[in-house]
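Student: The following block contains the structure, expressed as structure tokens.
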Amino acid sequence: MKTNSDMVLSVDGLRTEFRTDGGTLRAVDGVSLGLARGRVLALVGESGCGKTVTAYSILRLIRPPGHLAGGSIVLRPGNGQPVDLAALGDESRELRAIRGSRVAMIFQEPMSALSPVHTVGDQIDEVLLLHAGVDRREARRRTVEMLRRVGIPSPETRADQFPHEMSGGMRQRAVIAMALVCRPEVLIADEPTTALDVTIQAQILHLIKELQAENGCSVLFITHDLGVVAQMADEVAVMYLGRIVESGPVREVLKNPRHPYTAGLLASRPGTSAARHLPVIAGQVPSLHAIPSGCPFHPRCAHRLPGLCDAGPAPALQEISPRHQTACLRSKELTCLLRTPSVSSASTTIPSSVIDP
């Protein structure tokens, strides 16, 4: 059983809202997550489920009309006192000192993360100048070394290039270098391989895993790809419409899903079905303007029961086995129906040892 001291980052009851002309939209609705030291937690779900908003909320990057409406985000650094990021001012000196040094992020699209009018080296230098207390000469030395470490050839030359002069894979490596150059304790990776081809994607995933093990940092890995989850993560949290609907050890959740949404995501993976047509989850993620009553997944669920699944408040997470939780009222009844034999990925090579006992 993990205790608070095992967790480098504890998110409890996080709520993020956006004020619009049509009313207040709650994009993150009571999310609780625990990221253990040196471990990888995957946050998975379809587009529109609130994964990226959760990441931005943790880093306090939400801007109006959005705002943090409740909850705590407690960072427990290895050599300091716990601090609740949710209690800090948006532009406080303490928050700015934490972002980029103790907590860093690899953004989904490197061209939006890198300034087009500054060289890659200058941008990484700036992170070191802000957080590491070094002079420019030492900053450039560390920048070049980090670019070399992430696999960029001729790093001394590449450091003087602008982002548009690099390939997509090389830009993403530069973003990873920028995130890790100050050796953060927590790394948030938001769909870091989405825009890359299959070969480069596999290289980047391997690089993140290798650097994570080398630096001993903890990683919150955001993805929609359960094949990537099986390859990268120790724990997984499944998110739907702003809420966590299932969480637990990755082997347990992927081999024995207890929520119909998790089972649907698993069944939709290429190679998991002998059927001619790939199974899909019916419908789509609802708008935040029209969140269903009861279980938010019930309109798309093949196992819903009228009068039970569509009534009352959304089900809360309940522990069904050690460290495995689900928010389904029928989880005990549906155990055998939801179980999946394996997970495979068309885009990554997943060692069988990851999902087999």
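The values are calculated or read from the model by the stated rules, or taken from the named source; none is laboratory data. Everything numeric here is computed off the predicted structure, so don't read it as measured data. Here Cβ is always computed from backbone atoms with ideal geometry, including for glycine, and neighbour counts include all displayed protein chains. In case anyone asks, the SASA skips ligands and DNA or RNA and just uses the protein heavy atoms, side chains included. Shrake-Rupley method; radii C 1.70, N 1.55, O 1.52, S 1.80 Å.
Student: Looking at this structure, is VAL53 of a type in the set (Val, Ile, Thr) and touching a Ser or Thr at 6+ places or on another chain (Cβ under 8 Å)?
Tutor: Working: of a type in the set (Val, Ile, Thr): yes; touching a Ser or Thr at 6+ places or on another chain (Cβ under 8 Å): yes.
Answer is yes for this residue.
Student: When ALA174 is evaluated against the numbered criteria (1) closer than 23 Å to ARG99 by Cα; (2) crowded, with 20+ Cβ neighbours inside 10 Å; (3) without any contact (Cβ under 8 Å) to a residue 60 or more places away in the chain, which criterion, by number, is the only one it fails?
Tutor: (3)
Student: Given GLN108, GLN81, which one is part of a loop (DSSP other than H, G, I, E, B), of a type in the set (S, T, N, Q), closer than 22 Å to GLU185 by Cα and without any contact (Cβ under 8 Å) to a residue 40 or more places away in the chain?
Tutor: Answer to the selection: GLN81.
Student: So, in the stretch 189-213, how many residues would count as being touching a residue at least 60 places away in the same chain (Cβ under 8 Å) and open to solvent by 80 Å² or more (accessible area, probe 1.4 Å)?
Tutor: Selection size over the stretch 189-213: 1.
Student: If you take the residues in the stretch 271-295 that are open to solvent by less than 50 Å² (accessible area, probe 1.4 Å) and in contact with a Ser or Thr (Cβ under 9 Å, 6 or more places away or on another chain), which one is modelled with the lowest pLDDT?
Tutor: Selected residue: THR272.
Listed here are the residues, each with its yes/no results for (1) open to solvent by 20 Å² or more (accessible area, probe 1.4 Å); (2) of a type in the set (Ser, Thr, Tyr).
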position: ASP12; (1), (2): yes, no
position: GLU17; (1), (2): yes, no
position: SER47; (1), (2): yes, yes
position: THR54; (1), (2): no, yes
position: PRO82; (1), (2): yes, no
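Student: Of the conditions (1) farther than 23 Å from ALA177 by Cβ; (2) at pLDDT below 95; (3) crowded, with 17+ Cβ neighbours inside 10 Å; (4) not polar (S, T, N, Q), ARG93 fails just one. Which one is it?
Tutor: (3)
Student: I would also like to ask the following. Hey, among GLU156, GLU138, GLU210, GLU126, which residue is within 30 Å of LYS255 (Cα to Cα), acidic (Asp, Glu) and part of a helix (DSSP H, G or I)?
Tutor: The match here is GLU210.
Student: While we're looking at this one, here's another question. Can you tell me which of (1) part of a loop (DSSP other than H, G, I, E, B); (2) open to solvent by 40 Å² or more (accessible area, probe 1.4 Å); (3) more than 21 Å from LEU95 (Cα to Cα) is the one GLY133 doesn't meet?
Tutor: The number of the failed condition is (3).
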